[in-house]
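*Asks:* So that we are looking at the same thing, I have put the structure below in structure tokens.
The values are calculated or read from the model by the stated rules, or taken from the named source; none is laboratory data. Since the model is a prediction, treat every value here as computed from it, not as a measurement. When we count neighbours, we look across all protein chains shown, and the Cβ atoms used for this are built from the backbone with ideal geometry, even at glycine. What goes into the accessible areas is simple: the full protein's heavy atoms, side chains included, and nothing from ligands, DNA or RNA. Shrake-Rupley method; radii C 1.70, N 1.55, O 1.52, S 1.80 Å.
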Amino acid sequence: MISEDDDSYMINLKSKDGVVFEIQSSAAKISVLVVTTIDLDDEDEYNEDRKPTVEIPKVESTCLSKVVDFCNHYMKEPLRPIKTPLEGNSLEEVVTQEWYRNFVSVEQSLLFQLVQAANFMEIQPLLDLACLQVSTILMGKSAEEIRVILNIPRMTAEEEAKARREHRSPMLDFFNKNYSETLFATNATLIFPMKVLRACV
């Protein structure tokens, strides 16, 4: 039987575009999605020729490859918790570990994909790190500049009213600097924990 303490076996993560990545279970278990998907108690489901496969239907292979890199490195050097309020105004001041700073020094489109992937896969350290990098990009920007950067569509009065009914923390609260628990993009592509963004807006 495969126990939850056995970190020696490999699993597969399958991206939205069908690319499969092999990763050690101990590294993959940083993701709550992976933990809740794999049946660790069924020994018949695992052997070297038939590794458990976790479908990641919302993450493209380019991004999933980065996620796998993060998980593998996290096992060797865990990311130090990002404290709030933040202890500085730049990524360099808040994140002292060079590997993690380099990890999120990517094109803006890939950075946003990492936020989405971390949120979908429930990888909290990656979500905190990616959101922190986004917050440094947004720092000092106007509400309109933020709307353009995040590709958030303008809302009609009816849409705004609907967002306020359906979400505890609609994106307009962010633009109005009415701090709350979560920033929502109403097109459901981005969800940022405000605990990270709060200190930089």
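*Asks:* Among residues belonging to the stretch 85-106 that are modelled with pLDDT under 90 and open to solvent by 70 Å² or more (accessible area, probe 1.4 Å), point out the one that is nearest to I23 (Cα to Cα).
*Replies:* Out of the qualifying residues, it is E92.
*Asks:* So the check is Cβ under 7 Å with 6+ separation or different chains; which pairs have a first residue in the stretch 70-93 that's under 15 Å from C131 (Cβ atoms) and a second one that's in a loop (DSSP other than H, G, I, E, B) and open to solvent by less than 100 Å² (accessible area, probe 1.4 Å)?
*Replies:* Close Cβ pairs (under 7 Å, with a partner that is in a loop (DSSP other than H, G, I, E, B) and open to solvent by less than 100 Å² (accessible area, probe 1.4 Å)) amount to L79/Q97.
*Asks:* Looking at the stretch 1-27, which of its residues are among the small types (G, A, S), modelled with pLDDT of 95 or more and touching a Leu at 6+ places or on another chain (Cβ under 9 Å)?
*Replies:* The one that is among the small types (G, A, S), modelled with pLDDT of 95 or more and touching a Leu at 6+ places or on another chain (Cβ under 9 Å): S15.
*Asks:* Limited to the stretch 96-140, what total is found for residues that are outside any helix (DSSP H, G or I) and over 13 Å from V59 (Cβ atoms)?
*Replies:* Selection size over the stretch 96-140: 8.
*Asks:* Being of a type in the set (K, R) and over 16 Å from the mean Cα position of the chain (by Cα) is the requirement here; does R101 meet it?
*Replies:* no
*Asks:* Confirm whether S109 is touching a residue at least 24 places away in the same chain (Cβ under 8 Å), among the polar types (S, T, N, Q) and open to solvent by 30 Å² or more (accessible area, probe 1.4 Å).
*Replies:* no
*Asks:* Follow-up question, since we're still on this one. Please count how many residues of the stretch 7-32 are buried (at least 18 other Cβ atoms within 10 Å of the Cβ), over 13 Å from S65 (Cβ atoms) and in contact with a strand residue (DSSP E or B) (Cβ under 8 Å, 6 or more places away or on another chain).
*Replies:* 3
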